[in-house]
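K.L.:
Here you go, one structure.
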């Protein structure tokens, strides 16, 4: 961990030292500093809604990586390796150790539809190149309320921020795509069927409305609750006409997943 380069797993103190030393590209500094200011700052007095994320950043509990492209195979393979390393060590850090991945800003402005396409391309790529079988207790149908993106044998909740959000400031990142990967185990004890989970949901929803100035998104829900779906929460829609109507990912329970040659390469590095 913390080796040279920026497509690697970094602890917060190492990341900040490398920024101070000028060892990371300007876009990486912009991405992280904006993220940190968002987590620890406020919007007209309202704190960032996810207090778990706020405390994780304040306490230095998270791990970080930078990804050179949203579409390039080598960049996404590097993300795959970093995510596997993270899953191997995150329990040794804290109960709130998420992985925050910052992607190099695209060369040209992208639409909301483009960002949805990029996200699902990344998740599909990770699935196809996963080194572990799909968990036996997680269904393969995204329309199932207990479905969740899984990788390295673990269910994971990936949540995103992107430039296209005009109203939902909590989901806005001016530089490009940002994905926070949170294993399901981080939510032990605070799921919808627990008193602590219900209280956390109420607090976060109240903070969401205060921070964003709009009602919480209609797709906001809880894993495993009948009628709720996990996948639309990974990247909330701003304009429904630009968001997918059905979950774009295709899950194979067989392992290895599918031949590498069958991966959708319709998105080329030039798209970034």
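K.L.:
Please give the number of the condition residue 49 fails out of (1) assigned to a helix (DSSP H, G or I); (2) farther than 15 Å from residue 101 by Cα.
P.N.:
Among (1) assigned to a helix (DSSP H, G or I); (2) farther than 15 Å from residue 101 by Cα, the lone unmet condition for residue 49 is (1).
K.L.:
Name the residues in segment 122-164 that are surrounded by fewer than 20 Cβ atoms within 10 Å (Cβ to Cβ), in contact with a helix residue (DSSP H, G or I) (Cβ under 6 Å, 6 or more places away or on another chain) and under 22 Å from residue 237 (Cα atoms), would you?
P.N.:
142
K.L.:
Can you give me the number of residues within segment 17-26 that are crowded, with 17+ Cβ neighbours inside 10 Å and within 14 Å of residue 103 (Cα to Cα)? Break it down into steps so the answer makes sense when it comes.
P.N.:
At the first step, the residues of segment 17-26 found to be crowded, with 17+ Cβ neighbours inside 10 Å are 18, 24.
Still in the running and within 14 Å of residue 103 (Cα to Cα): 24.
Summing the residues that are crowded, with 17+ Cβ neighbours inside 10 Å and within 14 Å of residue 103 (Cα to Cα) in segment 17-26 gives 1.
K.L.:
Within the bounds of segment 179-191, is there any residue that is modelled with pLDDT of 95 or more and touching a helix residue (DSSP H, G or I) at 6+ places or on another chain (Cβ under 7 Å)?
P.N.:
Scanning segment 179-191 turns up at least one residue that is modelled with pLDDT of 95 or more and touching a helix residue (DSSP H, G or I) at 6+ places or on another chain (Cβ under 7 Å).
K.L.:
Here is a follow-up. Out of 150, 145, 94, which single residue is over 16 Å from the mean Cα position of the chain (by Cα) and free of Cβ contacts under 8 Å to residues at least 60 places away in the same chain? Walk me through it before giving the result.
P.N.:
Working: 150 fails: over 16 Å from the mean Cα position of the chain (by Cα); 145 fails: free of Cβ contacts under 8 Å to residues at least 60 places away in the same chain.
Exactly one of 150, 145, 94 is over 16 Å from the mean Cα position of the chain (by Cα) and free of Cβ contacts under 8 Å to residues at least 60 places away in the same chain, namely 94.
K.L.:
Could I ask something else about it? Filtering segment 208-236 down to residues that are part of a helix (DSSP H, G or I) and in contact with a helix residue (DSSP H, G or I) (Cβ under 7 Å, 6 or more places away or on another chain), which residue is modelled with the highest pLDDT? First the steps, then the outcome.
P.N.:
Narrowing segment 208-236 to residues part of a helix (DSSP H, G or I): 208-212, 231-233.
Still in the running and in contact with a helix residue (DSSP H, G or I) (Cβ under 7 Å, 6 or more places away or on another chain): 208, 211-212.
On the way: 208: 83, 211: 88, 212: 85.
Among residues in segment 208-236 that are part of a helix (DSSP H, G or I) and in contact with a helix residue (DSSP H, G or I) (Cβ under 7 Å, 6 or more places away or on another chain), the one modelled with the highest pLDDT is 211.
K.L.:
A follow-up question, please. So which pairs qualify, if the first residue must be in segment 11-40 and in a strand (DSSP E or B), the second must be surrounded by 14 or more Cβ atoms within 10 Å (Cβ to Cβ), the Cβ gap must be under 7 Å, and the two must be at least 6 apart or on different chains?
P.N.:
Going by the 7 Å Cβ cut-off, the qualifying pairs are 11/63.
K.L.:
Identify, by number, the condition in (1) in contact with a helix residue (DSSP H, G or I) (Cβ under 6 Å, 6 or more places away or on another chain); (2) surrounded by fewer than 18 Cβ atoms within 10 Å (Cβ to Cβ) that residue 51 doesn't meet.
P.N.:
(1)
The values are calculated or read from the model by the stated rules, or taken from the named source; none is laboratory data. Keep in mind it's a predicted model, so treat the numbers as computed, not measured. Cβ sites come from the backbone with ideal geometry, for glycine too, and all protein chains shown count toward neighbours.
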